[in-house]
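Written below as structure tokens is the structure these notes are about.
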Amino acid sequence: MQKSNFLLGMGIGVTVGSIAVATMTGGKKTSKNIIGKTLKTMGEVVDAVSSSIGM
């Protein structure tokens, strides 16, 4: 398995998940707040995955 394909799959999965969460939360929170939290979580996930596979 190539690392770039794995990271691409992770990125697509996180993006789809964040879009699903954003649509399910409704209008209670501002989109800027949701996007900021999503990007922070995505960064943490990428760091954890890349350190666990030795990148």
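The values are calculated or read from the model by the stated rules, or taken from the named source; none is laboratory data. Every value quoted in this text rests on a predicted model; they were computed, and no experiment measured them. All Cβ positions, glycine included, derive from the backbone under ideal geometry; neighbour counts span all protein chains shown. Surface accessibility is based on the protein's heavy atoms, side chains included, excluding ligands, DNA and RNA. Shrake-Rupley method; radii C 1.70, N 1.55, O 1.52, S 1.80 Å.
Quick rundown of the values:
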{"read-out": "Test: residue in the stretch 9-27 that is of a type in the set (Ser, Thr, Tyr), at pLDDT below 75 and not in a helix (DSSP H, G or I)", "value": "no"}
{"read-out": "Output for the stretch 3-17, where each listed residue is open to solvent by 50 Å² or more (accessible area, probe 1.4 Å) and not basic (Lys, Arg)", "value": "4, 5, 6, 7, 8, 10, 12, 15, 16"}
{"read-out": "Looking only at the stretch 28-43, and only at residues there that are over 10 Å from the mean Cα position of the chain (by Cα) and exposed (fewer than 12 other Cβ atoms within 10 Å of the Cβ), the one that is modelled with the highest pLDDT", "value": "36"}
